[in-house]
Amino acid sequence: MYLKELSEAVGVSGSEDAVRRIVLDAIGEHVTNVRIDPMGSVTALKAGTGQHPLKVMIAAHMDEVGFMVMGFEADGLIRFTSIGGIDDRILPGLRVKVGSSLVPGVITWTPIHKNNDQNVVKMSNLRIDIGATSKDEASARVKRGERIAFDSQYMDVGESMMRGKAFDDRAGCSLLIDLLRDEPYPVDVLAAFTVQEEVGLRGAQVAAQSLQPQLALVLEGTTAHDLPNPTAEPDDEETPNPACRVLGGPALTLMDRSLIVNPSLVAFLRETAEAEGIPYQYKTLPGGGTDGGAIHVANGGVPTAVISLPCRYIHSPTAYLHRDDYDNTLRLLKAALARLTSDVIGS
């Protein structure tokens, strides 16, 4: 498992270099046809045993949500904007790393002693403090256009929980690395570690056009909202209605805003999980999107399914993922590749 190294690497959309280096080092001896495409995605071939002449694209995105430096104030504070979907409510007081030198900074906040207004502060009204006292000092340390990432460290929590940033989708990248480092499968695996998913599925579109797969599986970290309703009254016994839950096993997407998943593939994955005794769950909330949205319409259409790891608190500085969910998702992927034939997609 490469999740620790991948999680701690900084790879905000459009600047995935550090993640790409980890991926290339991890897969280099286990694949052929390694290529960095013009967008920056890494593609590679894990040749199959020849048992089934099927080309299966497996994609996971390297980028994470974050911010970009937009300008400087006279007092040395930094103006910034978001890259990808980030909730303004989590920002005040957060630690961040700014620019290619990873300059430590803090997003400004008003102490509660002076804050009588409890409304959410818009991102446009926040600044980042890197300890500079003038515009010239700040601009000498970081540049406009540089990326800003959450300042978080990976940690094992208890016996089985893993904690860190960017599990969406470094957890998927770690799974794909583990998959490629194993023995060959009956089918050819066309691996794609994509870029710029968080800003429009851009890397996946180019990668799918280049690889021309017959079938695709997308690996994701998705929302596990299996916690009590924070707006409920203290005595309210309402149970949460989660999109996914931790320890529920891999989540099979039925539909999101970017695609309706191929029904034959959903049935195949469900039947595979049941045959192997692997727990699974469905992702049924229609919001959000994945690289599958770009892949399934490439090259005249590609049957595509999405398999996700249930993670709490994604798109924040700290996500939680249970090791059993990781291991069961890897088991399902390996079992699916062992059982896949062209009959699954009717061709």
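From the Cα gyration tensor of the stretch 1-152, with a ≥ b ≥ c the square roots of its eigenvalues, which class applies: rounded if a/c is under 1.5, or else prolate if a/b is larger than b/c, or else oblate? The shape class here is prolate. Taking the C-alpha atoms only, the angle from helix 323-339 to the longest principal axis of the chain is near 30 degrees. Taking the alpha carbon gyration tensor of the chain, multiplying each eigenvalue by 5 and rooting it gives semi-axes of 37, 24, 17 Å, largest first.
Taking the Cα centre of the chain as origin and assigning +1 to Lys and Arg Cβ atoms and -1 to Asp and Glu Cβ atoms, the resulting dipole is close to 900 debye.
Helix 167-180 and the long axis of the chain differ in direction by around 30°, with both axes built from C-alpha atoms.
Select from 176, 77, 253 the residue farthest towards the positive end of the dipole of the chain; place +1 on Cβ of Lys and Arg, -1 on Cβ of Asp and Glu, and compute about the Cα centre. Sorting the options by dipole projection puts first 77.
Shape class of the stretch 266-347 from the Cα gyration tensor (axes a ≥ b ≥ c, square roots of the eigenvalues): oblate, since a/c reaches 1.5 or more and a/b does not exceed b/c. Listing 101, 308 from fewest to most neighbouring C-beta atoms within 10 Å gives 101, 308. Calculated mean residue ellipticity, 222 nm, the chain: -7000 deg cm²/dmol, from DSSP H runs (n ≥ 4) at -39500 (n - 2.57) each, averaged per residue and rounded to 500. Computed from the Cα positions only, the extents of the stretch 67-150 along the three principal axes stand at 36, 28, 17 Å, in decreasing order. Relative to the longest principal axis of the Cα atoms of the chain, the long axis of helix 202-211 makes an angle of roughly 20 degrees. Using a cutoff of 8 angstrom between alpha carbon atoms and counting only pairs six or more residues apart, the relative contact order for the stretch 79-190 works out to 25 percent.
Extension gain, residue 209-residue 70: 0.36 nm per intervening residue step, less the Cα-Cα distance, totals 46.7 nm.
Among DSSP beta bridges whose residues both lie in the chain, state the antiparallel percentage, nearest 5. Close to 60 percent. Counted residue by residue at 0.36 nm each, then reduced by the alpha carbon distance between them, the extension gain from residue 119 to residue 47 reaches 20.4 nm.
A full extension of the chain between residue 270 and residue 32 corresponds to an added length of 82.6 nm, given 0.36 nm per residue minus the alpha carbon distance.
Read the figures in this text as sums done on the coordinates, not as results from a lab. This one's a predicted model, so the numbers in the text were calculated from it and none came from an experiment. Note: ideal-geometry Cβ built from the backbone for every residue, glycine included; neighbour counts use all protein chains shown.
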